[in-house]
Each structure stands twice: as structure tokens, then as C-alpha cells.
Amino acid sequence: MGKQRILIVDDEEDIRDLLEIYLKNEGFDALKAVDGLEALEMLEREDIDLIILDIMMPKMDGIQACMRIRKERNLPIIMLSAKSEDIDKILGLNTGADDYVTKPFNPLEVVARVKSQLRRCNMLRSTAPKSDEEIEIGGLIINTATHQVKVDEREIKLTPTEFSILEFLARNRGRVLSTETIYERVWNEPAYESENTVAVHIRNIREKVEINPKEPRYIKVVWGVGYKVE
């Protein structure tokens, strides 16, 4: 099996070079792009396993690039931004990013998040036992082998993180799961100020899965406690 390939997209050369060094030290193959347009061009000709994507860039910023990528691809995306306000984090997650790191960052933290996202994707790709391949709840069908989700025969496109959250909730049908439990299970790291991150992803899932997100059939909020699938 070849090295997993990480695409680093940032208009700051120092950051591209720094992340490249740390990723290569951990056994990854690193490719670099200076903006969203170059990243899209590289995705057309290179096999990429994960993207580290800066938000503020010339020509095409990270938000626009993420939206374009999500129309066609389902690989993990980690956003980088110098802004730490919740609204910026939510904006990044709403466009389909799986995780978010604020500048200035510790490169070891970025590498840890890369490993976490790839580990989760590898778990999703591994073939589940036959009896566990399909989870059916009313008109909701989750196929863990093909990673397809259907609602009333209509196929739904979810990001890797959204799929992991929905599968976890569905496998624990009827149980109320706290945001901390969901975060620790899906992100594979301790939950710290994770409530907004989980809430944004849950909202995105409900908008895709529920016919009327205000009156959900599947994903219910238990106020002050967490979420459950019924």
C-alpha cells in the first residue's frame, strides 16, 4: 500500500513548507497548492486522501473551494483559518469541512487531526459483517459497506463526518447521546468545547435527511442532554 497523500492548500509558503515537513516525517506524501483554483486542478490529476484547506486565499478562497470539492468528492477536509470566532468555524463546517484548526497552530495538532480523519475514513471503508451492512429505520437506510444513505429511496450525499455521526446515532437507536460522547466517538479525541461543532454537523445532516427539519422524523434533540435517532 502506497503512502497516503495530503494536499496542503495555503497562500503562505512558510505554512505549506512547515506542514509538508511534519507530514512527511509521519510517513505521508504531501502535495502543495497556493489557492483554491490550483487545488481543484490538482484534484483532477492526482489521487488525494485528505485536504488541509486555508480559508483566506486569493483567486478562490477555502470556502468556495470546499463547496466545489463537496459537489464531486467525499474525501476529508480540514479547514485552516486565522479567525477564531465561532461564526467563522460554523461557516467552514457548513460548507462541508470535517474539522477546523485555528492559526497560529501547533503542527503536531494538525498532524494528529489528519491521522484521526484518515483513521475514521479507513474504518468506514472496511467491510462490515454482512448482518451489519445495512441499518434500516423507517424510510432511512444506511449502508455501511457502500456508505450510501437513502431516505424514501432518495439518495442523500453526506460528508465522511456526517456519515460517521449518523451511523453512530443509528447504531444506538433510541439512546440519547451527549455532544461529548458523539464528538469523542467520531473525532477520536477528548471533547473540548465541542458542542458547536457537533451541533453544526447535526443540523447539516437533518437538512439533508429530514423532509422537514423543524419536525424531524429521525434525528431528535433532547434539550440539555443530546441527540437520538428514533
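Brief remarks follow.
- The stretch between E72 and T146, if pulled fully straight at 0.36 nm per residue, gains 25.0 nm over its current Cα-Cα span.
- Antiparallel bridges, percent of DSSP beta bridges restricted to the chain (to nearest 5): 50 percent
- In Hz, Karplus ³J(HN,Hα) per residue of the stretch 223-229 (6.51, -1.76, 1.60; θ = phi - 60°; x = Gly, Pro): 4, x, 10, x, 9, 8, 9
- Spin-label model distance (nm) - E26 vs E210, 7 Å beyond Cα toward Cβ: 3.5 nm
- Selected from L40, L50, F168, residue furthest toward positive end of dipole (the chain; charges at beta carbon): F168
- In the chain, the DSSP-assigned H stretches of four residues or longer account for a calculated mean residue ellipticity at 222 nm of -13500 deg cm²/dmol, using -39500 (n - 2.57) per stretch and the full residue count as denominator.
- Each label was represented as a point 7 Å from its Cα along the Cα-to-Cβ direction; for A199 and E155 these points are 3.4 nm apart.
- Cβ charges +1 (Lys, Arg) and -1 (Asp, Glu), total dipole of the chain, debye: 860 debye
- Among the trypsin sites (Lys or Arg not before Pro) in the stretch 182-230, those placed in a DSSP loop whose Cβ has at most 10 other Cβ atoms within 10 Å are K214.
- Interchain or long-range residues, amide H under 5 Å from I156's placed H: V149, K150, V151
- Built amide H within the under 5 Å cut-off of M79, gap 5+: L53, D98, D99, Y100, V101
- Were the residues from E230 through K103 laid out at 0.36 nm apart, the gain over their Cα-Cα distance would be 41.8 nm.
Bear in mind these aren't lab numbers, they're just calculated from the coordinates by the rules spelled out. All figures in this text were calculated on a predicted structure; none of them were measured in a lab. Here Cβ is always computed from backbone atoms with ideal geometry, including for glycine, and neighbour counts include all displayed protein chains.
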